[in-house]
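A short worksheet on the structure shown next.
Derivation of every value follows stated rules applied to the coordinates shown; laboratory data play no part. All of these numbers come straight from a predicted model, not from anything done at the bench. For neighbour counting, all protein chains shown are included, and Cβ atoms are generated from backbone atoms with ideal geometry for every residue, glycine included.
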Amino acid sequence: MRTYIAACRATMQHYPIWCLPDDLVHITIEMDAAAPSEEISADQRTLLISELKAGLRSLEPFTVLCGSPIANRSGAVLDTHPDQGLTALQNLARAALWRVHDSPAIAHDGGRGHLSLGYAYDTADSDPLQSALRRIQPSHAPLTVSQLHLLDVRWTAHPTPDGGARWEMTWEPVAVVPLGPEPRDVDQKQALAV
């Protein structure tokens, strides 16, 4: 996957796209839109982590195929397929958010599953870029999804020479929640089966 992403990044280097470094390449599952991050209490975060752990125990790790790369007005992405695993993960995350917050926590429909490669900060003709991205071989790469990262995401504007702004994302890890049963859950099931 890293080699595939590096090939996409090299192809995008002359376009007005902020290419995500390896540690920021991601598939967004859901955003907690109940309140700005600083207004979400420690108790709410603890409860959300607990709800996610409980819900994700029933979802085994799964693999998606990422690609072909697509350049669009917001940047560049790799579509993901099949959709079932990411949709199930999104539904479990949404259910956890609804249980934690009194106010609506979901602010959008989520769109189609994709891995984000970079974000556009200006306009350019995307036809040559799309043609170049399409020539990357192999055109797809598998990705195994085995954990969900809860992140505190921040966006910072950086001025561009033309007076515009290039937005850059950073994040602070809050929790990592594995998919599937916890090891002690597996041990208990095995003990019950003996």
So the FRET efficiency between Asn91 and Arg134, C-beta based with R0 = 41 Å and rounded to 0.05, is 0.80
Computed over the range 68-133, the Cα gyration tensor eigenvalues, each multiplied by 5 and square-rooted, give semi-axes in Å (largest first) of 31, 15, 7
Taking 79-85, 67-73 and ranking on average Cβ neighbours within 10 Å, highest first, one gets 67-73, 79-85
Each label sits 7 Å from Cα toward the beta-carbon; between Ala157 and Arg99 the label points are separated, in nm, by 3.9
Check: C-alpha center the range 41-93 vs C-alpha center the range 96-132, spacing in Å is 12
1/(1 + (r/R0)^6) with r = Cβ-Cβ of Arg2 and Arg57, R0 = 35 Å, i.e. FRET efficiency to nearest 0.05, evaluates to 0.75
If every Lys and Arg gets +1 and every Asp and Glu gets -1 at its Cβ, then about the Cα centre the chain yields a dipole, in debye to the nearest 20, of 540
Taking R0 as 25 Å and r as the Cβ-Cβ distance between Ala10 and Ser37, the FRET efficiency 1/(1 + (r/R0)^6), rounded to the nearest 0.05, comes to 0.15
Across the alpha-carbon set of the chain, Rg over Rh with Rh taken as the Kirkwood radius works out to 1.02
Length-normalised contact order of the range 2-193, Cα under 8 Å, at least 6 apart, in percent, tallies to 31
In nanometres, the difference between 0.36 nm per residue of separation and the alpha-carbon distance of His108 and Thr123 is 2.9 nm
